[in-house]
1. State all residues of segment 159-190 that are within 11 Å of L124 (Cα to Cα) and of a type in the set (G, A, S); if no residue qualifies, say none.
2. Inspect segment 160-177 for any residue being within 18 Å of N258 (Cα to Cα) and either open to solvent by 20 Å² or more (accessible area, probe 1.4 Å) or hydrophobic (A, V, I, L, M, F, W, C) (or both) and give the result as yes or no.
3. Regarding D140, is this residue under 14 Å from the mean Cα position of the chain (by Cα), under 22 Å from L32 (Cα atoms), within 13 Å of ligand 1 (Cβ to nearest atom) and of a type in the set (D, E)?
4. May I ask you to say which residue of S182, S138, S192 is at pLDDT 95 or above, crowded, with 24+ Cβ neighbours inside 10 Å and closer than 28 Å to R278 by Cβ?
5. How about segment 115-135: which of its residues are open to solvent by less than 20 Å² (accessible area, probe 1.4 Å) and away from ligand 1 (no atom under 12 Å from the Cβ)?
6. In segment 216-261, what residues are open to solvent by less than 70 Å² (accessible area, probe 1.4 Å), over 30 Å from T150 (Cβ atoms) and part of a helix (DSSP H, G or I)?
7. Among the residues in segment 90-97, are any open to solvent by 10 Å² or more (accessible area, probe 1.4 Å), within 16 Å of ligand 2 (Cβ to nearest atom) and not in a strand (DSSP E or B)?
8. Filter segment 120-173 for residues that are of a type in the set (S, T, N, Q), part of a loop (DSSP other than H, G, I, E, B) and away from ligand 2 (no atom under 13 Å from the Cβ) and give the result.
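The values are calculated or read from the model by the stated rules, or taken from the named source; none is laboratory data. In this text, all values refer to a predicted model and were calculated from it rather than measured experimentally. Every residue, glycine among them, receives a Cβ derived from its backbone with ideal geometry; neighbour counts consider all protein chains shown. Ligands, DNA and RNA are stripped out before the accessible areas are found, and what is left, the full protein with its side chains, is counted by its heavy atoms. Shrake-Rupley method; radii C 1.70, N 1.55, O 1.52, S 1.80 Å.
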Amino acid sequence: MKNLAVSPEVRAALEAKKPVVALESTIISHGLPRGQNLESAKAWENQVREAGATPATIAVIDGVPTVGLEPDQLERIANEEVPKASVRDLPVVMGLGVSGATTVASTAYLAHLAGIRVFATGGLGGVHRGASDTFDESADIPILSQTPITVVSAGVKSILDIGATLERMETSSVAVLGYQTSVFPAFWLRESAYSLEWRVEEPAEIAAVMAARDALSQRGGIVVANPVPADAQWDPVRHDQILEQALAEADRRGIRGNEVTPFLLSSVVEASGGESLRVNLDLVTNNVALASRIALAWSQRRP
Ligand code: PSU
Ligand code: MN
């Protein structure tokens, strides 16, 4: 694509067929509190480098979709008021020449345009509770159904309707692989009430699935469901109490549209006194580690 800015570091890695891991920016601008967000974003980039891969944090900067943010660009996304930009917003922020933080959907979309195969996030967006009335479903799944990328996620947050989200992924032909688990994780918790059909033990197996998907010329993405480590998960009782309060508050205030997810996340962080935030940071770190290993396994398949 013309006008896609790929940083020299990311471009060199892609040209040399070295491992690259895409990272999203909505988690930085809207998913984490200021003060915590820049430090975390830098730590995840360093973590990818230490694992032997190249990080590519993605956002739109002054109208230019950018793959591999420079340090000053990362700072702007963390500190300025930037809109959350999903795929439908990309042409708008580009056309108007403004900046935007990319969601899972738009990060996957731009990463694919740049030729990146592996992406680490915290949790995917999905079907919200009550979606049969509100129609609130994240664009993350429909976009993943058309975007050949492998996304490592700690499942989806329990603020969503997890069962409906899994059904939507099935209908959309998005493959879901449990990483060393047969149970779909629920973001802050290792397990939801839903089991998975497919379990893998090693990054090389995931790379083999990616190669087979390519051989079939399938367009859909692969979701790797990676549970938060056992010693890092949130207390399930506290989790249920706080979640219920946050959902009721969002309902009472009539929160709608793309504000729902950021509102629920920040309410939960506040009500938990930061406990949910610690779990959130730990699970992203765990996802970045696995995504780096998958990117390495993928590049080893292609000498
Ligand atoms: N999960 C998180 N933190 C986040 C998000 C998801 O733990 O910040 C963001 C992702 O960018 C995801 C988006 O793509 O929320 C989904 O928003 P919506 O439900 O409005 O599609
Ligand atoms: Mn929504």
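1. Correct list: A186 only.
2. Restricting attention to segment 160-177, the residues satisfying the condition of being within 18 Å of N258 (Cα to Cα) are 160-161, 165.
From what's left, either open to solvent by 20 Å² or more (accessible area, probe 1.4 Å) or hydrophobic (A, V, I, L, M, F, W, C) (or both): 160-161.
Yes, because at least one residue in segment 160-177 is within 18 Å of N258 (Cα to Cα) and either open to solvent by 20 Å² or more (accessible area, probe 1.4 Å) or hydrophobic (A, V, I, L, M, F, W, C) (or both).
3. Values: under 14 Å from the mean Cα position of the chain (by Cα): yes; under 22 Å from L32 (Cα atoms): yes; within 13 Å of ligand 1 (Cβ to nearest atom): yes; of a type in the set (D, E): yes.
When the stated conditions are applied, D140 passes them.
4. Working: S182 fails: crowded, with 24+ Cβ neighbours inside 10 Å; S192 fails: crowded, with 24+ Cβ neighbours inside 10 Å.
Step by step, each of S182, S138, S192 is checked, and only S138 is at pLDDT 95 or above, crowded, with 24+ Cβ neighbours inside 10 Å and closer than 28 Å to R278 by Cβ.
5. Result: I116, V118.
6. Pass one, segment 216-261, residues open to solvent by less than 70 Å² (accessible area, probe 1.4 Å): 220-229, 232-234, 236, 239, 242-243, 246-250, 254-255, 257, 260-261.
Add one more test, that the residue is over 30 Å from T150 (Cβ atoms), and what stays is 242, 246-250, 254-255.
Once the filter is applied, which keeps residues that are open to solvent by less than 70 Å² (accessible area, probe 1.4 Å), over 30 Å from T150 (Cβ atoms) and part of a helix (DSSP H, G or I), segment 216-261 yields I242, A246, L247, A248, E249, A250.
7. The answer is no; no qualifying residue exists.
8. Within segment 120-173, T121, S145, Q146, T147, S158, S172, S173 qualify.
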